[in-house]
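> Below: one structure in structure tokens.
Each value in this text was obtained by applying a stated rule to the coordinates, not by laboratory testing. Since we're looking at a predicted model, the values are computed, not measured. Cβ atoms come from the backbone with ideal geometry, glycine included; neighbour counts cover every protein chain shown.
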Amino acid sequence: MEDFIWWRDGVVYQIYPRSFADSNNDGIGDLPGILGRLDYLQSLGIDAIWLSPFYPSPDKDFGYDVSDFTAVDPRFGTLEDFAALVEGAHQRGIRVVLDLVLNHTSDQHTWFEESRRSKDSPRRDWYIWRDHPNNWQASFGGSAWEFDPPTGQYYLHSFTKEQPDLNWRNPQVRQAILDVFRFWLERGVDGFRLDVFNAYFKDAAFRDNPAKFGLRGFDRQQHLFDMDQPEMTPLLNEVRRLLDEYPERYAVGETYLATPEKIIAYCGPDKLHAAFSFDFTSSNLIFPWQAAWVCQKILEREARFGAAQVWPTTVMGNHDLPRPASRYCRGEDDTQAFNAMALLLTLPGTPFLYYGDEIGMRDISLKRSEILDPPGKKYWPVYKGRDGCRSPMQWDASANAGFSAARPWLPVHPNYTRRSVLAQSQDLQSLLIFTQKLLALRKSHPALRRGGLDFLPGTPPQVLAYLRQSADQTLLAAFNFGSSFVTFPLPAGKWEKLLFSGQSARPGELLPGQVYLLEKQAER
Ligand code: GLC
Ligand code: CA
């Protein structure tokens, strides 16, 4: 396809390896399991997979506490399995994006073990040690400083105390990490998702953060000194130069406490290719799922990213957030899940599709004793953590949803007997088939990937409708967020329906909760 750049025009599918497919029946998903499901992903029609961490980890933060950046945790497989996965993906035209967690390591990484041993350790300065803590807070609760008795100093940890922050100001650390990039680039990896990259550098003088109003200790500070330091930009320049030594490589950043200004400042031809915006992921309380709110967000995005010429990303869910179907749907009714999927796949920007959202998986709910996620344990019942969206993929109605023959590490959602890939692949009205068709339309219609966006004027308040237009294509996406039947004036011309959710309706009419996609027919 002409001018198709995979990370700009394609769709990225996020896999949480622990929960996707278990090939050896130990209850934990693994790399060979993913390999075995590549045909499914190819038929779904995605362009890239982003793999959440599969490196050796003591699992204090389920893989986001890495004890070796250049190895595969034996529970997930081997480097040979990884090579087979990359090869299998590439054979099917699927790119592979790795998750690099470089703000911190596990406390069981040999670097930290050596660092904490003595003040004279050659690796002492690879982490951040101080005689006295300042006021910085860990985002998972409590002070960001932990006293370490063997040497009588405190080390910094922005997350759990088992995740000490690396000292990015040390040139050896910088070099060691650039070598990690190169290690994976040499193994054919196409891109990286950089975990909380904008926290790598901290204020050199360790000034206290000023206070602000908020709920948790972490929220009661303005994060002026523990993230977004000016040193970040030259580092991104260096990472980009490294990536550019290889063809078509990509980096997307997870901007911590993202604002559009920050995201835009970190992206560009000599910085990141993209950074996540979480425009549509706030809870229903903060961001009501209504036409006016969604419209407002889209307007803001379009204005800011358009002016800056930065390519946006669209995220509906990930491994840290309640699933879109859990946020917007009532019970097992998928109406709003169709709308969320249609929004994800018809907006400008690179869509990130979280595994299981294509079948409308719902979050599992756990008893307190079953909770595994550290912030969930800490803040229960105010916040129940992130286990809910990490449950095993629901492949079919067999035991454990076809994920594993053994008891999975997290429970399968009890709806798996009805909600699964197999069931939905046999139901033409299902969210899975709808998603597959949308992905195919996005591929066949440049207007959906690259066209401009214009809102349709004069629609009723519960309707969101926008045109996506390129030189020779005009598409219209129309969503009814309300619960009543509506009509609205279509622009002149003859409109053909490409896809719709629910029962058939005429162009210019929308059933309650319905979304459809129309294409304007060429004039004769
Ligand atoms: C990112 C990850 C999250 C992890 C945290 C610490 O926010 O998405 O899962 O807990 O970083 O690495
Ligand atoms: Ca396994």
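> Tilt of helix 171-186 relative to the longest C-alpha principal axis of the chain, in degrees (0 to 90, nearest 10)?
It is inclined by approximately 40 degrees.
> Residues with amide H under 5 Å of Gln137's amide H, sequence separation 5 or more or different chain, H placed in the peptide plane at 1.01 Å from N; which?
Amide H neighbours of Gln137, under 5 Å, 5+ apart: Ala144.
> Once phi is turned into θ = phi - 60°, what whole-Hz ³J(HN,Hα) does the Karplus curve with 6.51, -1.76 and 1.60 give for every residue of the range 326-331, x standing for Gly and Pro?
6, 6, 10, 9, 9, x
> Among the listed pairs Lys443/Lys497; Lys161/Lys202; Lys297/Lys437; Lys119/Lys377, which are separated by more than 23 Å between their Cα atoms?
Lys297/Lys437; Lys119/Lys377
> If you line up the long axis of helix 335-346 against the longest principal axis of the chain, both from Cα atoms, how many degrees apart are they, to the nearest 10?
On a 0 to 90 degree scale, this one is about 80.
> Principal axes first, then extents: for the Cα atoms of the range 31-173, list largest minus smallest coordinate on each axis, whole Å, largest first.
56, 28, 27
> Based on the Cβ-Cβ distance of Glu114 and Arg174, what FRET efficiency does E = 1/(1 + (r/R0)^6) give at R0 = 25 Å, to the nearest 0.05?
0.90
> I would also like to ask the following. Any chance you could run the full-extension gain for Arg330 through Glu523? It's 0.36 nm times the residue separation minus the Cα-Cα distance, nm to one decimal.
Working it through step by step, the gained length comes to 65.2 nm.
> Per residue of the chain, what 222 nm ellipticity follows from adding -39500 (n - 2.57) for every DSSP H run with n ≥ 4, rounded to the nearest 500?
-7500 deg cm²/dmol
> How much space per residue, in cubic angstrom, does the convex hull of the C-alpha atoms of the range 276-354 take up?
Expressed per residue, the convex hull around the Cα atoms of the range 276-354 is 88 Å³.
> I would also like to ask the following. Taking θ as phi - 60°, what are the ³J(HN,Hα) couplings along the range 285-299 by the Karplus curve (6.51, -1.76, 1.60), each to the nearest whole Hz, with x for Gly and Pro?
Values per residue, Gly and Pro as x: 5, 8, 10, x, 7, 9, 3, 5, 5, 4, 4, 4, 4, 5, 4 Hz.
> With θ set to phi - 60°, apply the Karplus curve 6.51 cos²θ - 1.76 cosθ + 1.60 along the range 417-427 and write out the HN-Hα couplings as whole Hz, x wherever there is a Gly or Pro.
So the Karplus estimates, Gly and Pro as x, are 5, 10, 9, 7, 4, 4, 4, 6, 6, 9, 10 Hz.
> Continuing with the same structure: Please go through the range 1-97 and write out the GluC sites (Glu not before Pro) that DSSP classes as loop and that have at most 14 other C-beta atoms within 10 Å.
For GluC sites (Glu not before Pro) across the range 1-97 that sit outside H, G, I, E and B with at most 14 neighbouring Cβ atoms in 10 Å, the list reads Glu2.
> Not counting the cut sites, what is the longest span of the chain without chymotrypsin sites (Phe, Trp or Tyr not before Pro) that DSSP labels loop and that have at most 15 other Cβ atoms within 10 Å?
The longest uninterrupted stretch comes out as 5-212.
> Also: Enter the angle in degrees (range 0 to 90, nearest 10) between the Cα long axis of helix 79-91 and the first principal axis of the Cα atoms of the chain, meaning the one along which they spread out most.
So the helix axis and the longest Cα principal axis differ by about 20 degrees.
> Also, I was wondering about something else. Which FRET efficiency, nearest 0.05, do Lys494 and Ile433 yield, Cβ-Cβ r, R0 35 Å?
Efficiency, rounded to the nearest 0.05: 0.85.
> For the range 215-303, run through the trypsin sites (Lys or Arg not before Pro) and keep only the ones in DSSP coil with at most 14 other Cβ atoms within 10 Å of their Cβ.
Passing both the DSSP loop test and the Cβ count: no residue.
> Restricting to Cα pairs below 8 Å that are 6+ residues apart, what does the relative contact order work out to for the chain? Please round to a whole percent.
12 percent.
> Could you give the length gained on full extension between Asp26 and Leu38, defined as 0.36 nm per residue of separation minus the Cα-Cα distance, in nm?
Value of the extension gain: 2.3 nm.
> Which residues' amide hydrogens lie under 5 Å from the amide hydrogen of Asn25, considering only partners 5 or more residues apart or on another chain, with H built in the peptide plane?
Answer set, sorted by chain and number: Ala405.
> Could you give me the radius of gyration and the Dmax of the range 289-438, taking only the C-alpha atoms into account and expressing both in angstrom?
16.9, 52
> Further question on the same structure: Would the range 484-524 count as rounded, prolate or oblate if I go by the C-alpha gyration tensor, calling it rounded below 1.5 in a/c and otherwise prolate when a/b exceeds b/c, oblate otherwise?
In terms of gyration-tensor shape, oblate.
> Here is a further query. Under 1.5 on a/c is rounded, so check that first for the range 63-109, then, if it is not, pick prolate when a/b is larger than b/c and oblate when it is not; a ≥ b ≥ c are the square roots of the alpha carbon gyration tensor eigenvalues.
Taking the square roots of the gyration eigenvalues as a ≥ b ≥ c, the range 63-109 is oblate.
> Over the chain, how many percent of alpha carbon pairs lie in each 20 Å bin up to the one with the longest distance?
Values per bin, smallest distances first: 22, 56, 21, 1, 0.
> Same structure again: For a quick check: with amide H placed at 1.01 Å from N, whose amide H comes under 5 Å from Val66's, ignoring anything fewer than 5 positions away on the same chain?
Placed amide hydrogens put Ser106 under 5 Å from Val66.
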